[in-house]
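Accompanying notes for the structure given below.
The values are calculated or read from the model by the stated rules, or taken from the named source; none is laboratory data. Note that the coordinates shown come from a computational prediction; the quantities given were computed from them, not determined experimentally. Heads up, the Cβs are rebuilt from the backbone with ideal geometry, glycines too, and the neighbour counts pull from every protein chain shown. Protein only, heavy atoms only, side chains kept; ligands, DNA and RNA dropped before computing areas. Shrake-Rupley method; radii C 1.70, N 1.55, O 1.52, S 1.80 Å.
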There are 2 protein chains.
Amino acid sequence: MLKIYDFKGFPNPARVRIALAEKGLTDKVKFVNVDVPGGEHRQAAFMAKNPSAAVPVLELEDGTCISECTAITEYLDNLSGEPVLTGKTAKDRAVIHMMQRRTEAGLLDAVATYFHNATPGLGSHIEIYQNREWGEKGRDRALAGMRYLDNLLADQPYVAGKQFSMADITAFAGLIFADFAKIDIPADLSHLKAWRARVAARPSISQA
Amino acid sequence: MLKIYDFKGFPNPARVRIALAEKGLTDKVKFVNVDVPGGEHRQAAFMAKNPSAAVPVLELEDGTCISECTAITEYLDNLSGEPVLTGKTAKDRAVIHMMQRRTEAGLLDAVATYFHNATPGLGSHIEIYQNREWGEKGRDRALAGMRYLDNLLADQPYVAGKQFSMADITAFAGLIFADFAKIDIPADLSHLKAWRARVAARPSISQA
């Protein structure tokens with residue numbers, strides 16, 4: 001049986017849990033809790049699975065460990081049936097991977113930079129080095145990322161175009177993280193808020 | 001005809017040029033020079049193609065612009081014939097995307113953080129904000145990334161396993177950037193150096 005090592009409710013674990021639900025695979029995996037607030041992700045046993053010391057990790061039946069949400073999503077989406085999150089044609093794959101990376105760097109990772117550097121984050125036992133000025137820049141980038149997405153979503157229903165994709169999952173997780181880090185969506189970003197409500201209503205999220 | 005907007009010799013442009021050569025597509029694209037040292041990538045005309053203000057960008061015949069090296073590589077690798085850089089099976093795709101992202105974050109982007117924050121970088125007209133302490137941390141991460149790769153390459157010929165892939169291209173570009181930023185490969189990393197020599201001898205690189 002496939003195993004997912006994660007911490008429920010955290011933004012990156014949410015990306016994979018949504019992908020699993022979109023593919024109808026949630027019941028096909030065993031979830032193993034990693035005590036991230038307690039620092040378990042930095043202990044040798046977990047770092048043997050992911051030297052980057054981050055959740056989630058997908059462990060295949062042969063013991064191979066896959067980290068990085070894009071890589072896990074590629075696996076799940078290509079496991080059986082047609083891909084529904086990562087694109088079927090060369091062009092669709094390219095646009096989805098571009099928008100995934102753009103929302104990851106410009107929103108999710110930007111929020112993470114703020115949270116781990118300019119707030120108490122997960123506590124001083126986890127945040128052993130902080131750079132407040134760099135963290136504040138992350139907040140600026142996250143707000144710019146939200147504004148970029150709002151403009152984009154004025155003209156198209158989903159982040160990569162007409163279809164829901166991996167890029168929407170990344171952006172949605174970015175907003176989960178923004179809530180957690182107390183970065184509010186600016187009031188005038190109505191397209192982004194409408195998109196968020198539309199995505200939140202998907203069964204993969206509303207029934208999770 | 002496909003167009004590539006880039007700046008020859010820079011690390012991210014090199015990733016796409018190597019991918020083009022591996023796929024035998026170099027003669028099928030028109031290269032358009034973007035004057036990155038002069039700041040052209042931050043002007044409105046270019047940012048309409050890539051709001052992230054970075055090269056390279058692939059422009060398709062229908063005008064669609066694809067940025068992010070992973071996305072461009074996905075396009076080129078799936079354009080015709082079998083994929084040779086991004087994997088054929090779900091597991092191969094997952095491992096390659098994982099290792100691509102691990103080398104991107106842990107080596108190439110780490111070097112970039114150092115170069116743009118703790119050195120004069122591309123000059124004060126381009127490096128309008130610098131954070132020296134964060135930049136030095138990037139150097140530490142890059143050196144740790146090199147050591148991680150050296151350990152890995154003691155047991156396997158390529159970054160994602162037995163076959164050359166997109167992950168090797170990212171790591172190779174990371175070392176091009178490290179040369180540029182004057183971060184030397186530590187003398188004892190013999191597996192990493194042997195891998196680099198092996199990759200540099202590929203026709204996609206030695207004949208470029």
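Regarding region A:187-195, can at least one residue be identified that is modelled with pLDDT of 95 or more and in contact with a strand residue (DSSP E or B) (Cβ under 8 Å, 6 or more places away or on another chain)?
Checked against the condition, which is being modelled with pLDDT of 95 or more and in contact with a strand residue (DSSP E or B) (Cβ under 8 Å, 6 or more places away or on another chain), region A:187-195 yields at least one hit.
Need the failing condition index for B:Leu20 against (1) on the phi < 0 side of the Ramachandran plot; (2) free of Cβ contacts under 8 Å to residues at least 12 places away in the same chain, just the number.
Every listed condition holds for B:Leu20 apart from (2).
Looking only at region A:54-81, which residues are in a loop (DSSP other than H, G, I, E, B) and modelled with pLDDT of 95 or more? Walk me through it before giving the result.
Going residue by residue through region A:54-81, those that are in a loop (DSSP other than H, G, I, E, B) are A:54-56, A:60-64, A:68, A:80-81.
The answer is A:Ala54, A:Val55, A:Pro56, A:Leu60, A:Glu61, A:Asp62, A:Gly63, A:Thr64, A:Glu68.
Look at region A:117-128 and say how many of its residues are touching a helix residue (DSSP H, G or I) at 6+ places or on another chain (Cβ under 7 Å) and either of a type in the set (Asp, Glu) or surrounded by fewer than 21 Cβ atoms within 10 Å (Cβ to Cβ) (or both). Before the answer, list the steps.
Going through region A:117-128, the residues touching a helix residue (DSSP H, G or I) at 6+ places or on another chain (Cβ under 7 Å) turn out to be A:117-118, A:121, A:127.
So of that shortlist, the ones also either of a type in the set (Asp, Glu) or surrounded by fewer than 21 Cβ atoms within 10 Å (Cβ to Cβ) (or both) come out as A:118, A:121, A:127.
Matching residues across region A:117-128 total 3.
What pairs come out if I take residues in region A:42-60 that are more than 10 Å from chain B (Cβ to nearest Cβ) and closer than 19 Å to A:Ile128 by Cβ and pair them with residues that are of a type in the set (Gly, Ala, Ser) and open to solvent by 80 Å² or more (accessible area, probe 1.4 Å) whose C-beta lies under 6 Å away, six or more apart or interchain?
Pairs that qualify, where the first residue is more than 10 Å from chain B (Cβ to nearest Cβ) and closer than 19 Å to A:Ile128 by Cβ and the partner is of a type in the set (Gly, Ala, Ser) and open to solvent by 80 Å² or more (accessible area, probe 1.4 Å): there are none.
Taking B:Ile176 and the conditions (1) in contact with a helix residue (DSSP H, G or I) (Cβ under 7 Å, 6 or more places away or on another chain); (2) within 14 Å of chain A (Cβ to nearest Cβ), which numbered condition does it fall short on, given that it satisfies the others?
Status for B:Ile176: all satisfied but (2).
For residues in region B:147-173 being surrounded by fewer than 23 Cβ atoms within 10 Å (Cβ to Cβ) and under 17 Å from the mean Cα position of the chain (by Cα), which is nearest to the other protein chains (Cβ to nearest Cβ)?
Of the residues in region B:147-173, the ones surrounded by fewer than 23 Cβ atoms within 10 Å (Cβ to Cβ) are B:147-148, B:150-158, B:161-164.
In the following step, the residues that additionally are under 17 Å from the mean Cα position of the chain (by Cα) were identified as B:158, B:164.
Values: B:Tyr158: 16, B:Phe164: 18 Å.
Here the residue is B:Tyr158.
What is the residue count in region B:59-114 for residues that are open to solvent by less than 10 Å² (accessible area, probe 1.4 Å), more than 30 Å from A:Ser80 (Cβ to Cβ) and small (Gly, Ala, Ser)?
The total comes to 2.
Would you mind finding the one in B:Val36, B:Val95 that is within 30 Å of B:Lys162 (Cα to Cα) and of a type in the set (A, V, I, L, M, F, W, C)?
Values: B:Val36 fails: within 30 Å of B:Lys162 (Cα to Cα).
Going through B:Val36, B:Val95 in turn, just one is within 30 Å of B:Lys162 (Cα to Cα) and of a type in the set (A, V, I, L, M, F, W, C): B:Val95.
Take region B:82-116 and flag every residue that is in a loop (DSSP other than H, G, I, E, B) and within 11 Å of another protein chain (Cβ to nearest Cβ).
Listed by number, the residues that qualify are B:Pro83, B:Thr86, B:Gly87, B:Lys88, B:Thr89.
Give the residue that is nearest to A:Ala112 (Cα to Cα), with candidates limited to residues of region A:10-28 that are in a loop (DSSP other than H, G, I, E, B) and open to solvent by 30 Å² or more (accessible area, probe 1.4 Å).
Initially, region A:10-28 is screened for residues in a loop (DSSP other than H, G, I, E, B), giving A:10, A:23-25.
If we keep only those that are open to solvent by 30 Å² or more (accessible area, probe 1.4 Å) as well, we get A:10, A:23-24.
Working: A:Phe10: 11, A:Lys23: 27, A:Gly24: 29 Å.
It comes out as A:Phe10.
Looking only at region B:174-199, count every residue that is closer than 19 Å to B:Gln156 by Cα and open to solvent by 40 Å² or more (accessible area, probe 1.4 Å) and tell me the total.
8
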